[in-house]
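Notes follow the structure.
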Amino acid sequence: MNTKFADRIAKLEPAAVYEILKHTASGKVIAFAAGNPSPDAFPHEEVAELAHKILKEHPITALQYGITMGYEPLRQVLTPYLAKHYGVGDDNDDLLITSGATQGIELVAKVFCNEGDTIITENPTFIGSLNSFGSYNANVVGVEMEFDGMNMEKLEEALKQEKNVRLIYVIPNFQNPSGWTMSLAKRKRLYELAVQYDVLILEDNPYGDLRYFGEDIPSIKSFDAKGIVLYAGSFSKIISPGLRVGYMLTPKPYFNKLAAAKQASDVHTPLLSQMIVYEFMQRHGLKNHIEKICDIYRRKLQIALDGIDKHLSGVTYVKPEGGLYIFCRLPEHIDMMVYCKKALEAGVAVVWGSAFAVDPSEPSQYFRINFSSPTDEQLVKGIEILGTVFDEMM
């Protein structure tokens, strides 16, 4: 049968990171390529207890269909939590529970972008967002990243030059893949430009709770007086990615369309997962749990940085203040793709920097290390191996 794919999906391919992870399935390769939380960070005993309680006391609610906008008790407790702890959301906003933050990104593309409309993103950026935007045949335009966020001059050039710009997508806190954080000045400038050029902002904040050093920076959504910022968050990095519970804080005029688009995708996020998150927030709270996992990741980050300084002295990086990633830059004379291939052959999987580019053919000297999911011992051994490969290529 000569089957033809839809035009919007014909060029879409699985993300490179998932292809790399196939090589780690045997357990013989140390995986620095994933974005998984540490197994030590999962509150598995608490979740097991809560799941048992829910299924014993409220089995029909947990197993029945729910409403698309989300489990109402969770929405009611999450809305004031976001306002108190992150300064986001007011009477002009509404909250949609999503199946992970990635679904929220995909819904925004579905609701706001016609084929050929332009979405501006940081470059490099999250692979999942690029696939979401690509699945709707958007014209994705990347703007160069600097250590303190997107280059604002080049952003304004793109806003002036590109046609039908509908959206600016950013990950301001501990960005994936770079680990870099957008400065307050750039957050304010980005918002000013979005207002000036009448463009929406999608602020993706899956890592904002995972700060290990420095002071919190106000979110872009926190100074949204014009109702142009959609704010995506997730419990994947702080409770469990397997529960698939995220959320989208959106200006009210957009809420019904986003909910309708979600209804067409999955009807609703699983009720049992939402109820577990709700009960966790009510019984255990998030503050102490987040402090606990930040202690774990702070230690693991330092192990990784010490190893890089010891074994990869020719590699440069910006020390991340939080998140799950270190973006390492090789010297110009070392071929990044060859290095990543040799590292994999030696038993360590990292992700090459061009995998995160809007145009994957762009040259890159970067590779990404995830320090959260490997054990401490794997971090030490894996970085030693990366250093040996590096020395051989030098």
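Some observations on this one:
- Where His58, His52 fall by accessible area, highest first, once all protein chains stay in place (1.4 Å): His52, His58
- Accessible carbon and sulfur surface of the chain relative to its total accessible area, %, 1.4 Å: 51
- Between Glu115 and Lys319, the contour length at 0.36 nm per residue exceeds the alpha carbon distance by 69.6 nm.
- Among 100-113, 32-45, sorting by the average number of other beta carbon atoms lying within 10 angstrom of each residue, highest first, gives 100-113, 32-45.
- All lysines inside 23 Å of Lys28 as judged from Cα atoms, apart from same-chain residues fewer than 8 positions distant: Lys300, Lys341, Lys342, Lys381
- Spread of Cα-to-Cα distances over 5 Å intervals beginning at zero, given as percent, for segment 160-261: 2, 11, 21, 22, 20, 14, 7, 2, 0
- Note on surface exposure: Glu345, Glu46 rank Glu345, Glu46 by accessible area, highest first, 1.4 Å probe.
- Size estimate for the chain follows the Kirkwood approach: the inverse of mean 1/r over distinct Cα pairs works out to 21.8 Å.
- Reachable lysines from Lys252, criterion Cα separation under 29 angstrom, eight or more residues apart if same chain: Lys84, Lys110, Lys160, Lys163, Lys186, Lys188, Lys221, Lys226, Lys237, Lys262, Lys287
- Contact order normalised by residue count of the chain, Cα under 8 Å, 6+ apart, percent: 25
- Considering only Phe213, Phe174, Phe371, the mean-square fluctuation computed in a Gaussian network model of the chain, springs between alpha carbons under 10 angstrom, is largest for Phe213.
- In terms of packing, defined here as the mean over residues of other Cβ atoms within 10 angstrom, the peptides 144-151, 309-316, 270-277 line up highest first as 270-277, 144-151, 309-316.
- For Leu96, net neighbour charge (Lys/Arg +1, Asp/Glu -1) across residues whose Cβ lies under 9 Å away: +1
- Pairs of Cα atoms nearer than 8 Å and 6+ residues apart set the relative contact order; for segment 79-158 it is 24 percent.
- Overall dimensions of segment 342-391, expressed as equivalent-ellipsoid semi-axes from the Cα gyration tensor (√(5λ), whole Å, largest first), are 22, 13, 8.
- Selection of trypsin sites (Lys or Arg not before Pro), segment 148-213, meeting DSSP coil and at most 14 other Cβ within 10 Å: Lys163
- Compactness of segment 257-344 as Cα Rg over 2.2 N^0.38 Å, two decimals: 1.72
- Heavy atoms of Tyr207 accessible to a 1.4 Å probe, total area in Å² rounded to 10: 10
- Sequence-separation-based contact order of segment 294-385, relative, with Cα cut under 8 Å and 6+ spacing, percent: 36
- Looking at the chain, the accessible area is 45 square angstrom per residue; that uses a 1.4 Å probe and ignores ligands, DNA and RNA.
- Estimated inter-spin distance, Ala225 and Ile60, nm [label 7 Å along Cα→Cβ]: 5.1
The values are calculated or read from the model by the stated rules, or taken from the named source; none is laboratory data. From a predicted model like this one, the values you see are computed outputs, not experimental measurements. Glycine gets a Cβ as well: all are built from the backbone with ideal geometry, and neighbour counts include every protein chain shown. The accessibility values were calculated without ligands, DNA or RNA, using every heavy atom of the protein model including side chains. Shrake-Rupley method; radii C 1.70, N 1.55, O 1.52, S 1.80 Å.
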